[in-house]
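One structure below.
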Amino acid sequence: MINFYDINIIVFGVFSLTFLIQMIYIWFIFGRLAFYKPKVDKRIEKPVSVVITTRDDYFFLQKHLPSILTQDYPEYEVVVVNDRSDDETMALLDRLSNQYDHLKVVNMNHSVSFYPGKKFPLSIGIKSAKHEILLLTDSDCQVNSKNWIRNMQMGFDDQTQIILGYGPYQPQKGILNSLIRYYSYFTALQYLSFALAKMPYMGVGRNLAYTKSLFYKNNGFISHYKVASGDDDLFVNETAKSNNVKICVNPDSFTYSVPKTTFGQWIKQKKRHLSAGKLYKKRHQLVLSLYPFSLLVFYSLFAYQMFSGFLFYYVLGILGVRLISFMVIQKTSMNKLNEKKLFLPSPILELFIFLLNSLLVMSNTIYTKNQWK
(Lines give C-alpha, C1' and ligand atoms only; values in the text may rest on other atoms or scores of the structure.)
Protein backbone atom coordinates (compact mmCIF):
# COMPACT_ATOMS: atom_id res chain seq x y z
CA MET A 1 0.00 0.00 0.00
CA ILE A 2 1.39 3.39 -1.02
CA ASN A 3 1.78 5.82 1.88
CA PHE A 4 2.15 9.62 1.86
CA TYR A 5 5.93 9.39 1.87
CA ASP A 6 5.92 7.30 -1.32
CA ILE A 7 3.48 9.75 -2.92
CA ASN A 8 5.74 12.66 -1.99
CA ILE A 9 8.76 10.86 -3.47
CA ILE A 10 6.87 10.31 -6.75
CA VAL A 11 5.71 13.93 -6.80
CA PHE A 12 9.24 15.18 -6.18
CA GLY A 13 10.54 12.91 -8.96
CA VAL A 14 8.03 14.26 -11.47
CA PHE A 15 8.76 17.79 -10.26
CA SER A 16 12.48 17.22 -10.85
CA LEU A 17 11.79 15.79 -14.32
CA THR A 18 9.77 18.86 -15.34
CA PHE A 19 12.59 21.04 -14.00
CA LEU A 20 15.06 19.17 -16.23
CA ILE A 21 12.81 19.66 -19.25
CA GLN A 22 12.58 23.36 -18.46
CA MET A 23 16.36 23.66 -18.23
CA ILE A 24 16.81 21.98 -21.61
CA TYR A 25 14.42 24.42 -23.29
CA ILE A 26 15.70 27.51 -21.48
CA TRP A 27 19.43 26.95 -21.99
CA PHE A 28 19.71 24.72 -25.07
CA ILE A 29 16.82 26.10 -27.15
CA PHE A 30 16.03 29.67 -26.07
CA GLY A 31 19.66 30.27 -25.20
CA ARG A 32 20.50 30.00 -28.89
CA LEU A 33 18.76 33.30 -29.58
CA ALA A 34 19.94 34.90 -26.34
CA PHE A 35 23.60 34.30 -27.21
CA TYR A 36 23.25 34.49 -30.99
CA LYS A 37 25.96 36.49 -32.75
CA PRO A 38 25.11 37.01 -36.43
CA LYS A 39 27.92 36.81 -38.91
CA VAL A 40 28.78 40.07 -40.61
CA ASP A 41 28.60 38.97 -44.22
CA LYS A 42 28.16 41.62 -46.90
CA ARG A 43 26.53 39.89 -49.82
CA ILE A 44 25.44 41.14 -53.21
CA GLU A 45 22.33 43.29 -52.90
CA LYS A 46 19.82 41.35 -54.95
CA PRO A 47 16.59 42.78 -56.37
CA VAL A 48 13.64 42.47 -53.96
CA SER A 49 9.87 42.54 -54.35
CA VAL A 50 8.03 43.83 -51.27
CA VAL A 51 4.48 42.43 -51.25
CA ILE A 52 1.67 43.92 -49.17
CA THR A 53 -2.03 43.08 -49.13
CA THR A 54 -4.52 45.63 -47.83
CA ARG A 55 -8.21 46.18 -47.29
CA ASP A 56 -9.65 49.44 -46.00
CA ASP A 57 -6.32 50.50 -44.52
CA TYR A 58 -6.11 54.04 -45.91
CA PHE A 59 -4.87 55.50 -42.62
CA PHE A 60 -2.07 52.96 -42.19
CA LEU A 61 -1.01 53.09 -45.84
CA GLN A 62 -0.84 56.86 -45.77
CA LYS A 63 1.29 56.70 -42.64
CA HIS A 64 3.59 53.74 -43.33
CA LEU A 65 3.84 53.10 -47.09
CA PRO A 66 6.08 56.14 -47.83
CA SER A 67 8.80 54.76 -45.51
CA ILE A 68 8.77 51.52 -47.52
CA LEU A 69 8.82 53.37 -50.82
CA THR A 70 11.85 55.43 -49.73
CA GLN A 71 14.12 52.60 -48.57
CA ASP A 72 17.88 53.00 -49.01
CA TYR A 73 18.19 50.12 -51.45
CA PRO A 74 19.30 50.07 -55.09
CA GLU A 75 16.72 47.85 -56.80
CA TYR A 76 13.32 46.91 -55.44
CA GLU A 77 9.62 47.17 -56.17
CA VAL A 78 6.63 47.43 -53.87
CA VAL A 79 3.56 45.42 -54.90
CA VAL A 80 0.37 46.43 -53.09
CA VAL A 81 -2.74 44.31 -53.59
CA ASN A 82 -5.87 46.32 -52.86
CA ASP A 83 -8.44 43.72 -51.85
CA ARG A 84 -11.84 45.37 -52.43
CA SER A 85 -11.28 48.40 -50.23
CA ASP A 86 -14.29 50.68 -49.69
CA ASP A 87 -12.35 53.62 -48.28
CA GLU A 88 -9.93 56.02 -50.01
CA THR A 89 -7.24 53.35 -50.43
CA MET A 90 -7.47 53.22 -54.23
CA ALA A 91 -7.16 56.99 -54.60
CA LEU A 92 -4.13 57.02 -52.29
CA LEU A 93 -2.41 54.21 -54.18
CA ASP A 94 -3.08 55.89 -57.53
CA ARG A 95 -1.53 59.08 -56.18
CA LEU A 96 1.54 57.27 -54.85
CA SER A 97 2.01 55.21 -58.01
CA ASN A 98 2.27 58.44 -60.00
CA GLN A 99 4.94 59.61 -57.57
CA TYR A 100 6.96 56.36 -57.28
CA ASP A 101 7.77 54.32 -60.37
CA HIS A 102 8.65 51.23 -58.30
CA LEU A 103 5.14 50.99 -56.79
CA LYS A 104 2.92 48.44 -58.51
CA VAL A 105 -0.77 48.44 -57.55
CA VAL A 106 -3.04 45.45 -58.13
CA ASN A 107 -6.75 46.15 -57.57
CA MET A 108 -9.04 43.23 -56.77
CA ASN A 109 -12.72 43.97 -57.31
CA HIS A 110 -14.29 40.57 -56.76
CA SER A 111 -14.38 38.20 -53.80
CA VAL A 112 -13.13 34.64 -54.17
CA SER A 113 -15.27 32.68 -51.72
CA PHE A 114 -13.42 29.37 -52.04
CA TYR A 115 -10.08 30.95 -50.99
CA PRO A 116 -10.65 32.50 -47.54
CA GLY A 117 -8.51 35.06 -45.73
CA LYS A 118 -5.68 36.97 -47.37
CA LYS A 119 -4.09 34.01 -49.12
CA PHE A 120 -5.65 34.70 -52.50
CA PRO A 121 -4.72 38.42 -52.66
CA LEU A 122 -1.24 37.55 -51.37
CA SER A 123 -0.90 34.90 -54.09
CA ILE A 124 -1.92 37.49 -56.68
CA GLY A 125 0.70 39.88 -55.32
CA ILE A 126 3.41 37.21 -55.47
CA LYS A 127 2.41 36.31 -59.01
CA SER A 128 2.64 40.00 -59.96
CA ALA A 129 6.10 40.38 -58.38
CA LYS A 130 8.98 40.41 -60.84
CA HIS A 131 11.89 39.56 -58.49
CA GLU A 132 12.94 36.24 -56.99
CA ILE A 133 13.26 37.49 -53.42
CA LEU A 134 9.91 38.27 -51.81
CA LEU A 135 9.69 40.39 -48.66
CA LEU A 136 6.31 40.40 -46.93
CA THR A 137 4.81 42.80 -44.41
CA ASP A 138 1.40 44.23 -43.52
CA SER A 139 -0.09 47.62 -44.27
CA ASP A 140 -0.23 48.52 -40.57
CA CYS A 141 3.47 47.84 -40.04
CA GLN A 142 6.05 50.60 -39.60
CA VAL A 143 9.55 49.67 -40.77
CA ASN A 144 12.18 50.59 -38.21
CA SER A 145 14.71 52.10 -40.62
CA LYS A 146 15.59 52.83 -44.23
CA ASN A 147 17.73 49.67 -44.17
CA TRP A 148 14.88 47.22 -43.61
CA ILE A 149 15.15 45.67 -47.08
CA ARG A 150 18.94 45.55 -46.98
CA ASN A 151 19.00 43.66 -43.69
CA MET A 152 16.21 41.23 -44.51
CA GLN A 153 17.69 40.16 -47.86
CA MET A 154 21.26 39.89 -46.62
CA GLY A 155 21.06 36.24 -45.55
CA PHE A 156 19.96 34.80 -48.89
CA ASP A 157 22.44 32.52 -50.62
CA ASP A 158 22.38 29.35 -52.73
CA GLN A 159 20.94 27.33 -49.84
CA THR A 160 18.84 29.84 -47.93
CA GLN A 161 15.27 30.24 -49.14
CA ILE A 162 13.58 31.73 -46.05
CA ILE A 163 14.51 34.62 -43.75
CA LEU A 164 12.60 34.95 -40.49
CA GLY A 165 12.33 38.50 -39.17
CA TYR A 166 10.84 40.05 -36.06
CA GLY A 167 7.61 42.04 -36.00
CA PRO A 168 6.97 43.45 -32.51
CA TYR A 169 4.05 45.58 -31.40
CA GLN A 170 4.34 49.24 -30.54
CA PRO A 171 4.79 49.98 -26.80
CA GLN A 172 1.83 51.72 -25.22
CA LYS A 173 0.51 52.17 -21.70
CA GLY A 174 -1.58 49.52 -19.98
CA ILE A 175 -1.56 45.87 -18.95
CA LEU A 176 -3.12 44.69 -22.22
CA ASN A 177 -0.28 46.23 -24.21
CA SER A 178 2.30 44.49 -22.03
CA LEU A 179 0.49 41.21 -22.50
CA ILE A 180 0.26 41.60 -26.29
CA ARG A 181 3.90 42.60 -26.58
CA TYR A 182 5.10 39.76 -24.37
CA TYR A 183 3.02 37.24 -26.29
CA SER A 184 4.57 38.45 -29.55
CA TYR A 185 8.05 38.48 -28.01
CA PHE A 186 7.81 34.97 -26.58
CA THR A 187 6.42 33.62 -29.86
CA ALA A 188 9.46 35.10 -31.61
CA LEU A 189 11.78 33.73 -28.94
CA GLN A 190 10.45 30.28 -29.78
CA TYR A 191 10.42 30.35 -33.58
CA LEU A 192 13.75 32.17 -33.87
CA SER A 193 15.42 29.85 -31.33
CA PHE A 194 14.09 26.71 -32.95
CA ALA A 195 15.27 27.97 -36.33
CA LEU A 196 18.77 28.39 -34.88
CA ALA A 197 18.44 24.85 -33.48
CA LYS A 198 17.80 23.60 -37.05
CA MET A 199 14.12 22.98 -36.30
CA PRO A 200 12.32 25.89 -38.03
CA TYR A 201 8.55 25.65 -37.77
CA MET A 202 6.97 29.09 -38.41
CA GLY A 203 7.39 32.76 -39.25
CA VAL A 204 5.16 35.83 -39.07
CA GLY A 205 3.86 37.63 -42.14
CA ARG A 206 4.55 41.03 -40.60
CA ASN A 207 8.22 40.48 -41.43
CA LEU A 208 9.06 37.46 -43.56
CA ALA A 209 11.10 36.85 -46.70
CA TYR A 210 11.30 33.85 -49.00
CA THR A 211 12.00 33.06 -52.63
CA LYS A 212 9.43 33.05 -55.37
CA SER A 213 10.69 29.69 -56.63
CA LEU A 214 10.03 28.16 -53.18
CA PHE A 215 6.48 29.50 -53.29
CA TYR A 216 5.80 27.94 -56.68
CA LYS A 217 7.55 24.68 -55.82
CA ASN A 218 5.20 24.35 -52.85
CA ASN A 219 2.16 25.20 -55.01
CA GLY A 220 1.62 28.31 -52.94
CA PHE A 221 -0.93 27.90 -50.16
CA ILE A 222 -2.96 25.21 -51.92
CA SER A 223 -2.53 22.53 -49.22
CA HIS A 224 -4.14 24.73 -46.55
CA TYR A 225 -6.21 27.17 -48.60
CA LYS A 226 -9.36 26.35 -46.61
CA VAL A 227 -7.79 27.77 -43.43
CA ALA A 228 -8.20 31.54 -43.17
CA SER A 229 -4.90 32.00 -41.32
CA GLY A 230 -1.55 30.35 -42.04
CA ASP A 231 -0.31 32.32 -45.03
CA ASP A 232 2.88 32.78 -42.99
CA ASP A 233 3.32 30.06 -40.33
CA LEU A 234 1.79 27.15 -42.26
CA PHE A 235 3.76 28.03 -45.37
CA VAL A 236 7.01 28.10 -43.39
CA ASN A 237 6.02 24.92 -41.54
CA GLU A 238 5.65 23.12 -44.86
CA THR A 239 8.69 24.46 -46.67
CA ALA A 240 11.31 25.08 -43.97
CA LYS A 241 14.18 22.65 -43.60
CA SER A 242 17.15 22.52 -41.27
CA ASN A 243 19.44 24.13 -43.85
CA ASN A 244 17.28 26.58 -45.83
CA VAL A 245 16.28 29.05 -43.09
CA LYS A 246 18.10 31.97 -41.47
CA ILE A 247 16.98 34.63 -39.03
CA CYS A 248 17.46 38.40 -38.98
CA VAL A 249 17.43 40.18 -35.61
CA ASN A 250 19.13 43.44 -36.50
CA PRO A 251 16.92 46.19 -34.98
CA ASP A 252 17.01 48.01 -38.33
CA SER A 253 15.05 45.07 -39.78
CA PHE A 254 12.14 45.16 -37.30
CA THR A 255 8.61 46.11 -38.35
CA TYR A 256 6.34 47.54 -35.65
CA SER A 257 2.58 46.92 -35.67
CA VAL A 258 -0.27 48.67 -33.88
CA PRO A 259 -1.63 46.40 -31.11
CA LYS A 260 -5.29 45.74 -30.44
CA THR A 261 -6.89 48.10 -27.94
CA THR A 262 -9.45 45.75 -26.36
CA PHE A 263 -9.02 42.33 -24.83
CA GLY A 264 -11.88 40.93 -26.94
CA GLN A 265 -10.28 42.04 -30.23
CA TRP A 266 -6.96 40.54 -29.22
CA ILE A 267 -8.53 37.21 -28.15
CA LYS A 268 -10.31 36.98 -31.52
CA GLN A 269 -6.99 37.58 -33.28
CA LYS A 270 -5.21 34.95 -31.17
CA LYS A 271 -7.90 32.36 -31.79
CA ARG A 272 -7.49 32.86 -35.52
CA HIS A 273 -3.71 32.49 -35.29
CA LEU A 274 -3.89 29.42 -33.05
CA SER A 275 -6.34 27.70 -35.39
CA ALA A 276 -3.46 26.99 -37.77
CA GLY A 277 -1.37 25.25 -35.10
CA LYS A 278 -3.25 21.96 -35.43
CA LEU A 279 -1.89 21.69 -38.98
CA TYR A 280 1.76 21.93 -37.93
CA LYS A 281 3.91 18.87 -38.40
CA LYS A 282 3.42 16.44 -35.52
CA ARG A 283 7.00 16.75 -34.27
CA HIS A 284 6.59 20.51 -34.09
CA GLN A 285 3.35 20.19 -32.18
CA LEU A 286 5.12 17.90 -29.72
CA VAL A 287 8.13 20.10 -29.01
CA LEU A 288 5.94 23.22 -28.78
CA SER A 289 3.50 21.64 -26.34
CA LEU A 290 6.10 19.97 -24.11
CA TYR A 291 7.50 23.23 -22.74
CA PRO A 292 4.19 24.81 -21.58
CA PHE A 293 2.90 21.44 -20.35
CA SER A 294 6.02 20.86 -18.26
CA LEU A 295 5.81 24.44 -16.97
CA LEU A 296 2.23 24.06 -15.78
CA VAL A 297 3.03 20.71 -14.13
CA PHE A 298 6.15 22.23 -12.56
CA TYR A 299 4.23 25.05 -10.87
CA SER A 300 1.35 22.77 -9.87
CA LEU A 301 3.68 20.31 -8.15
CA PHE A 302 5.63 23.18 -6.59
CA ALA A 303 2.41 24.42 -4.97
CA TYR A 304 1.63 20.91 -3.69
CA GLN A 305 5.09 20.51 -2.19
CA MET A 306 4.93 23.90 -0.51
CA PHE A 307 1.69 22.75 1.09
CA SER A 308 3.08 19.34 2.11
CA GLY A 309 6.45 20.72 3.23
CA PHE A 310 8.25 17.71 1.77
CA LEU A 311 11.93 18.53 0.98
CA PHE A 312 10.93 22.17 1.40
CA TYR A 313 14.34 23.78 0.90
CA TYR A 314 15.29 21.52 -2.02
CA VAL A 315 12.06 22.47 -3.76
CA LEU A 316 12.68 26.17 -3.13
CA GLY A 317 16.22 25.80 -4.46
CA ILE A 318 15.01 24.14 -7.65
CA LEU A 319 12.47 26.94 -8.15
CA GLY A 320 15.23 29.51 -7.62
CA VAL A 321 17.52 27.89 -10.21
CA ARG A 322 14.67 27.73 -12.72
CA LEU A 323 13.71 31.37 -12.10
CA ILE A 324 17.30 32.67 -12.33
CA SER A 325 17.92 30.69 -15.54
CA PHE A 326 14.70 31.97 -17.05
CA MET A 327 15.43 35.59 -16.15
CA VAL A 328 18.97 35.47 -17.54
CA ILE A 329 17.73 34.21 -20.91
CA GLN A 330 14.79 36.63 -20.87
CA LYS A 331 16.97 39.66 -20.17
CA THR A 332 19.52 38.76 -22.85
CA SER A 333 16.87 37.94 -25.46
CA MET A 334 14.84 41.06 -24.73
CA ASN A 335 17.93 43.20 -25.16
CA LYS A 336 18.57 41.53 -28.51
CA LEU A 337 14.99 42.12 -29.67
CA ASN A 338 14.91 45.64 -28.23
CA GLU A 339 11.96 44.93 -25.92
CA LYS A 340 11.64 47.32 -22.98
CA LYS A 341 9.79 47.12 -19.65
CA LEU A 342 8.78 43.47 -20.01
CA PHE A 343 11.60 41.90 -18.01
CA LEU A 344 10.34 42.13 -14.41
CA PRO A 345 6.79 40.83 -15.03
CA SER A 346 7.97 38.15 -17.50
CA PRO A 347 7.56 35.12 -15.16
CA ILE A 348 3.92 36.04 -14.51
CA LEU A 349 3.27 36.95 -18.15
CA GLU A 350 4.76 33.65 -19.32
CA LEU A 351 2.50 31.60 -17.07
CA PHE A 352 -0.53 33.65 -18.02
CA ILE A 353 -0.09 33.31 -21.78
CA PHE A 354 0.28 29.54 -21.53
CA LEU A 355 -2.86 29.26 -19.42
CA LEU A 356 -4.64 31.51 -21.91
CA ASN A 357 -3.36 29.49 -24.86
CA SER A 358 -4.73 26.29 -23.33
CA LEU A 359 -8.18 27.85 -23.05
CA LEU A 360 -8.08 29.26 -26.58
CA VAL A 361 -6.97 25.97 -28.10
CA MET A 362 -9.87 24.21 -26.38
CA SER A 363 -12.32 26.86 -27.58
CA ASN A 364 -11.03 26.43 -31.15
CA THR A 365 -12.35 22.88 -31.16
CA ILE A 366 -15.68 24.49 -32.03
CA TYR A 367 -15.36 25.71 -35.62
CA THR A 368 -15.79 29.41 -36.25
CA LYS A 369 -15.30 31.03 -39.63
CA ASN A 370 -12.34 33.43 -39.60
CA GLN A 371 -11.53 36.21 -42.02
CA TRP A 372 -8.32 38.17 -42.31
CA LYS A 373 -10.12 41.49 -41.87
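To keep it simple, each residue is scored yes or no on (1) over 30 Å from Lys104 (Cβ atoms); (2) at pLDDT 95 or above; (3) crowded, with 16+ Cβ neighbours inside 10 Å.
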{"position": "Ile133", "(1), (2), (3)": "no, yes, yes"}
{"position": "Thr137", "(1), (2), (3)": "no, yes, yes"}
{"position": "Gly155", "(1), (2), (3)": "no, no, yes"}
{"position": "Lys173", "(1), (2), (3)": "yes, no, no"}
{"position": "Met199", "(1), (2), (3)": "yes, yes, yes"}
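Test of understanding: among Leu286, Leu344, Leu337, which residue is buried (at least 17 other Cβ atoms within 10 Å of the Cβ) and among the aliphatic types (A, V, I, L, M)? First the steps, then the outcome.
Values: Leu286 fails: buried (at least 17 other Cβ atoms within 10 Å of the Cβ); Leu344 fails: buried (at least 17 other Cβ atoms within 10 Å of the Cβ).
That would be Leu337, the only listed residue that is buried (at least 17 other Cβ atoms within 10 Å of the Cβ) and among the aliphatic types (A, V, I, L, M).
How many residues does segment 209-254 hold that are part of a loop (DSSP other than H, G, I, E, B) and crowded, with 21+ Cβ neighbours inside 10 Å?
8
Hey, any hits in segment 10-32 for a residue that's under 26 Å from Gly230 (Cα atoms) and part of a loop (DSSP other than H, G, I, E, B)?
Looking through segment 10-32, none of the residues is under 26 Å from Gly230 (Cα atoms) and part of a loop (DSSP other than H, G, I, E, B).
Let me spell it out: the conditions are (1) farther than 21 Å from Arg32 by Cα; (2) crowded, with 22+ Cβ neighbours inside 10 Å, and Ala195 meets all of them except one. Which number is the exception?
With (1) farther than 21 Å from Arg32 by Cα; (2) crowded, with 22+ Cβ neighbours inside 10 Å applied to Ala195, the lone miss is (1).
Filter segment 214-232 down to residues that are modelled with pLDDT under 95 and closer than 22 Å to Met154 by Cα, then give me how many there are.
1
Failed condition for Pro74, given (1) in the same structural domain as Ile324 (by TED's automatic domain parsing); (2) in contact (Cβ under 8 Å) with a residue 24 or more places away in the chain, with all others met?
Among (1) in the same structural domain as Ile324 (by TED's automatic domain parsing); (2) in contact (Cβ under 8 Å) with a residue 24 or more places away in the chain, Pro74 violates only (1).
Only one of Tyr291, Tyr314 is assigned to a helix (DSSP H, G or I) and more than 30 Å from Gly203 (Cα to Cα); which?
Tyr314
Answer yes if at least one residue in segment 255-263 is part of a helix (DSSP H, G or I) and free of Cβ contacts under 8 Å to residues at least 60 places away in the same chain, and no otherwise.
Within segment 255-263, not a single residue is part of a helix (DSSP H, G or I) and free of Cβ contacts under 8 Å to residues at least 60 places away in the same chain.
Of the numbered conditions (1) in contact (Cβ under 8 Å) with a residue 60 or more places away in the chain; (2) not in a helix (DSSP H, G or I), Thr332 fails exactly one; give the number of that condition.
Here Thr332 meets the rest and fails (2).
For segment 33-132, which strands (runs of 3 or more DSSP E) that fit wholly inside it have 2 or more residues that are over 30 Å from Lys198 (Cβ atoms) and within 25 Å of the chain's Cα centre (by Cα)? First the steps, then the outcome.
On the way: elements: 48-54, 76-83, 103-108.
Hits in segment 33-132: 48-54, 76-83.
How about segment 12-66: which of its residues are crowded, with 18+ Cβ neighbours inside 10 Å and of a type in the set (A, V, I, L, M)?
Scanning segment 12-66 gives Ile26, Ile29, Leu33, Ala34, Val48, Val50, Val51, Ile52, Leu61, Leu65.
The values are calculated or read from the model by the stated rules, or taken from the named source; none is laboratory data. Remember, it's a predicted structure, so these values are computed and weren't measured experimentally. Every residue, glycine among them, receives a Cβ derived from its backbone with ideal geometry; neighbour counts consider all protein chains shown.
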